[in-house]
1. Any residue that is modelled with pLDDT under 85 and either touching a strand residue (DSSP E or B) at 6+ places or on another chain (Cβ under 7 Å) or in a strand (DSSP E or B) (or both) - is there at least one of those in the stretch 12-23?
2. Restricting to the stretch 144-168, count the residues that are free of Cβ contacts under 8 Å to residues at least 24 places away in the same chain and touching a Ser or Thr at 6+ places or on another chain (Cβ under 8 Å).
3. If I filter the stretch 145-160 for residues that are over 17 Å from TYR37 (Cα atoms), of a type in the set (Lys, Arg), touching a helix residue (DSSP H, G or I) at 6+ places or on another chain (Cβ under 9 Å) and in a strand (DSSP E or B), do I get at least one hit?
4. Has the stretch 58-71 got any residue that is under 30 Å from CYS121 (Cβ atoms), modelled with pLDDT under 90 and either among the basic types (Lys, Arg) or exposed (fewer than 10 other Cβ atoms within 10 Å of the Cβ) (or both)?
5. May I ask you to say which residue of ALA100, ALA116, ALA129, ALA92 is in contact (Cβ under 8 Å) with a residue 40 or more places away in the chain, more than 16 Å from the chain's Cα centre (by Cα) and either crowded, with 18+ Cβ neighbours inside 10 Å or under 14 Å from ASN66 (Cα atoms) (or both)?
6. If you scan the stretch 29-50, which residues turn out to be small (Gly, Ala, Ser) and closer than 28 Å to PRO127 by Cβ?
7. Does GLN111 meet the test of being outside any loop (DSSP other than H, G, I, E, B), farther than 21 Å from ALA71 by Cβ and either under 17 Å from the mean Cα position of the chain (by Cα) or modelled with pLDDT under 95 (or both)?
8. Identify the single condition in (1) hydrophobic (A, V, I, L, M, F, W, C); (2) out of contact with any Leu (no Cβ under 9 Å at 6 or more places or on another chain); (3) modelled with pLDDT of 95 or more; (4) under 15 Å from LEU145 (Cα atoms) that MET86 does not satisfy, given that it satisfies every other one.
Amino acid sequence: MTDTPKSDAAPETQENGAAGGGQATQEQPSMRILGQYLKDLSFENPNAPHSLSQEAPEISVSVNVNARPLAATDFEVELHLDAKAMAQDKVAFAAELVYAGTFRLENFPQQLLHPAVLIECPRMLFPFARQIMAEATRNGGFPPLMLDPIDFAAMYQRRMQQQTVGQA
């Protein structure tokens, strides 16, 4: 049995969460996906079977992101994908997809919270939404629509510029 004498020396870390230099330690920002889900899916093939044998259609795609708070640190983020294919002035197919997720963002500085919700959250949802859109078009009798990666940071910047112009 060994005896360890008690020491009055101060421990290396100070009490009250303060470390060397007298600065309080700050927790790192964290982002977690609480759930993700298909919220809405519509695929229309109005001119089938004639549209299936035509030349490659002209396809237009639009992307939008919406978010709403659920609690102090929880947000629902919706990724909207709309695709429309036209061939010989007729609709070959129209697809609409809303893929959503709930996220918990903790310890984010206020100035970084909004960009994190509208850039990083949809970036995490996109691969799943892309796969669903590809399968929907393939199941509709067309080649899978493989969407290119989306620059959500550029989308966010455009959105902020539009809001700034709208407020002026």
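The values are calculated or read from the model by the stated rules, or taken from the named source; none is laboratory data. For clarity, every value in this text was computed on a predicted model and none was experimentally measured. Counting neighbours? That spans all protein chains shown, and the Cβs are built from the backbone with ideal geometry, glycine included.
1. Yes, there is a match, as at least one residue in the stretch 12-23 is modelled with pLDDT under 85 and either touching a strand residue (DSSP E or B) at 6+ places or on another chain (Cβ under 7 Å) or in a strand (DSSP E or B) (or both).
2. Going through the stretch 144-168, the residues free of Cβ contacts under 8 Å to residues at least 24 places away in the same chain turn out to be 144, 146, 148-149, 151, 154, 157-158, 160-168.
Right, trim to touching a Ser or Thr at 6+ places or on another chain (Cβ under 8 Å) and you get 144.
Residues that pass the stated criteria total 1.
3. Applying the first criterion (over 17 Å from TYR37 (Cα atoms)) to the stretch 145-160 yields 145-160.
Add one more test, that the residue is of a type in the set (Lys, Arg), and what stays is 158-159.
So of that shortlist, the ones also touching a helix residue (DSSP H, G or I) at 6+ places or on another chain (Cβ under 9 Å) come out as 159.
Add one more test, that the residue is in a strand (DSSP E or B), and what stays is none.
Within the stretch 145-160, not a single residue is over 17 Å from TYR37 (Cα atoms), of a type in the set (Lys, Arg), touching a helix residue (DSSP H, G or I) at 6+ places or on another chain (Cβ under 9 Å) and in a strand (DSSP E or B).
4. Filtering the stretch 58-71 down to residues under 30 Å from CYS121 (Cβ atoms) leaves 59-71.
Remaining after also requiring modelled with pLDDT under 90: none.
Within the stretch 58-71, not a single residue is under 30 Å from CYS121 (Cβ atoms), modelled with pLDDT under 90 and either among the basic types (Lys, Arg) or exposed (fewer than 10 other Cβ atoms within 10 Å of the Cβ) (or both).
5. When all the criteria are applied, what remains is ALA92.
6. If the condition is that a residue be small (Gly, Ala, Ser) and closer than 28 Å to PRO127 by Cβ, then SER30, GLY35, SER42 are the ones that fit.
7. Answer is no for this residue.
8. Just one mismatch for MET86, condition (3).
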